[in-house]
1. Name the strands (runs of 3 or more DSSP E) wholly within the stretch 126-215 that hold at least 1 residues that are under 29 Å from Ile234 (Cα atoms)?
2. Between Arg246, Arg287, Arg295, which is modelled with pLDDT of 95 or more, closer than 23 Å to Asp162 by Cβ and open to solvent by 40 Å² or more (accessible area, probe 1.4 Å)?
3. Gly297: more than 15 Å from Ala146 (Cα to Cα) and of a type in the set (Gly, Ala, Ser), yes or no?
4. With respect to Ala236, determine if the residue is in a strand (DSSP E or B), surrounded by fewer than 16 Cβ atoms within 10 Å (Cβ to Cβ) and not basic (Lys, Arg).
5. Going through Thr205, Thr212 one at a time, which residue ends up being under 26 Å from the mean Cα position of the chain (by Cα), open to solvent by 70 Å² or more (accessible area, probe 1.4 Å) and in contact (Cβ under 8 Å) with a residue 24 or more places away in the chain?
6. Restricted to the stretch 61-85, and to residues that are open to solvent by less than 20 Å² (accessible area, probe 1.4 Å) and outside any loop (DSSP other than H, G, I, E, B), which residue is nearest to Asn188 (Cα to Cα)?
7. Of Gly271, Gly256, Gly319, Gly333, which residue is of a type in the set (Gly, Ala, Ser), touching a strand residue (DSSP E or B) at 6+ places or on another chain (Cβ under 9 Å) and modelled with pLDDT under 95?
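The values are calculated or read from the model by the stated rules, or taken from the named source; none is laboratory data. Just so we're clear, the structure is a prediction, and the values are computed from it rather than from any experiment. Cβ placement follows ideal geometry from the backbone for every residue including glycine, while neighbour counts extend to all protein chains displayed. These accessible areas exclude ligands, DNA and RNA; they are computed on the full protein's heavy atoms, side chains included. Shrake-Rupley method; radii C 1.70, N 1.55, O 1.52, S 1.80 Å.
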Amino acid sequence: MNMSVRDVIIVGAGPSGLSAAIAAKERGLDYQVLEQGVLVNSIYHFPPQMVFFTTPELLEIGGLPFVSPYDKPTRAESLNYYRRVVDAFDLQISFEETVLSVEQERGAGEAGRAGGKGTESHLFAVTTRSKRGVQRVRHGRNVIMAIGYYDHPVMIGVPGEDLPHVHHYYGEPHPHYRQRVVIVGGGNSAAESALEMFRAGAHVTVIHRAPTLKSTIKYWVRPDIENRIKEGSIAARFNACVTAIRPTSVIIRAGGAGGANGAGGAGGAGGEEEIPADAVYLLTGYRADADLLTRAGVVLNEREAPVHDPLTFETNVPGLFVAGGAIAGVDTGTIFIENGRFHGEKIIEVIARR
């Protein structure tokens, strides 16, 4: 059987996957990066005008300096930086190639690797499909899942969530000039998009199930959104949840907390209110692709995060590692580029030692 077997297959060309690829190249390992979209796909899909909540040097990988005239780098600058990184290290990446499954090949031991040293030998078959529909299988002794979490929005599970005017990602405010927009969520995405759309002439209502906005909102955004809500430029319903989305409106129910911000005319606590909406943004967070991980045999904990050794990042499946946002489960706020970019190097050290 004459097939090429790589030392490591890296799934995802975000900062975490790229740092693993750099480390693999520097250690002389045979590696391949597979990316379902474009380079740093999640950053590419951020709103065009987004500014990072960090300083440029905390986005650096491979020791390549990220030079920016600003305290906080922009999306465009970071895209340019990561392109430069890939060129500088001449990394091998297959773009627009989606991983469908990661499976352990049986009888991997026959490969007789590590000449009788008795080290456990694994072999993975990684099945992919290109954007043009071509399927192929790649083989590797180790797999690093650096898949991030931005591809899978958290669904709120209400009727009408799949209507065409409902979005889980926010792009630009201009299309919503003079529209009535309902934003569901209480974090950064909700706050920043609400402010932008309000300033672009939209009539914005924010709906959040908690009594206040999240504490994780960027410190320079928080007073802005709070003051707009206070003065009534942006409407808000706290302690409220969406029960249905209709073609031109959203139905919300006030929680038992008496419908803060006056669920006007909704009959007090627990009452329903219908809010007109030309567009609905469900900015309620994102999760890693748990399905891909569990089908590969990875066990998830009660926070939907892959069970892994915190020192080596190896999951319960020997030879299968997780890096970056993929390790976070529900707690996506715990992993950022700033810390996720170091996981790849540690994993490659473990693989190189074996």
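1. Strands (runs of 3 or more DSSP E) meeting the threshold: 180-184, 203-207.
2. Details: Arg287 fails: modelled with pLDDT of 95 or more; Arg295 fails: closer than 23 Å to Asp162 by Cβ.
On inspection, the qualifying residue turns out to be Arg246.
3. Yes; evaluated as a whole, the condition is true for this residue.
4. Taking the combined requirement at face value, the residue does not satisfy it.
5. Thr212
6. Ser78
7. Result: Gly271 is the single residue among Gly271, Gly256, Gly319, Gly333 that is of a type in the set (Gly, Ala, Ser), touching a strand residue (DSSP E or B) at 6+ places or on another chain (Cβ under 9 Å) and modelled with pLDDT under 95.
Rundown of residues vs (1) among the charged types (D, E, K, R); (2) open to solvent by less than 30 Å² (accessible area, probe 1.4 Å); (3) touching a His at 6+ places or on another chain (Cβ under 8 Å); (4) modelled with pLDDT of 95 or more, yes/no style:
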| site | (1), (2), (3), (4) |
| --- | --- |
| Gly14 | no, yes, no, yes |
| Glu26 | yes, no, no, yes |
| Gln36 | no, no, no, yes |
| Ser42 | no, no, no, no |
| Gln49 | no, no, no, no |
| Thr55 | no, no, no, no |
| Leu59 | no, yes, no, no |
